[in-house]
Amino acid sequence: MRSMKHYRAFQIDPDGHVFGCINLVCDNDEQAKREAAALVLVHRIELWRLDQRIARFDLPQEVARQ
C-alpha cells in the first residue's frame, strides 16, 4: 500500500498575502511540485507540506508584466 502525502498549494496575491489554498494528495514531493507548478496562472503559488515550504512558483515574466 502506497503512503500518500498531503500538501497545500497557497495562492499568493501581488502584495504577498495568501488568498486561497488548494489541497493536494501526492505520492512524493516531485509529483506535488509538478501539480503545483501547473496551478500558476495569474498568481504565485507556494507549496507546503506541514510546516515546510517545498517550493515556490512565480508567475512567468510575460504574465507578471501585464
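Here, each number is a calculation from the coordinates, and none is a lab measurement. Predicted model, so just to flag it, every value in this text is computed and none were measured. Note that we place each Cβ from the backbone using ideal geometry, even for glycine, and neighbour counts take in every protein chain shown.
For the stretch 45-57, which positions are touching a residue at least 12 places away in the same chain (Cβ under 8 Å) and either under 8 Å from the mean Cα position of the chain (by Cα) or loosely packed, with under 15 Cβ neighbours inside 10 Å (or both)? Please lay out each step first, then the result.
Step one: of the stretch 45-57, the residues touching a residue at least 12 places away in the same chain (Cβ under 8 Å) are 45-49, 54-57.
Hits for the stretch 45-57 are I45, E46, L47, W48, A55, R56, F57.
Out of the residues in the stretch 1-23 that are over 9 Å from the mean Cα position of the chain (by Cα) and hydrophobic (A, V, I, L, M, F, W, C), which is surrounded by the fewest Cβ atoms within 10 Å (Cβ to Cβ)? Don't jump to the end; show me each part of the working.
Within the stretch 1-23, the first condition is being over 9 Å from the mean Cα position of the chain (by Cα), and the residues that meet it are 1-6, 12-20, 23.
From what's left, hydrophobic (A, V, I, L, M, F, W, C): 1, 4, 12, 18-19.
On the way: M1: 3, M4: 12, I12: 18, V18: 11, F19: 10.
Here the answer is M1.
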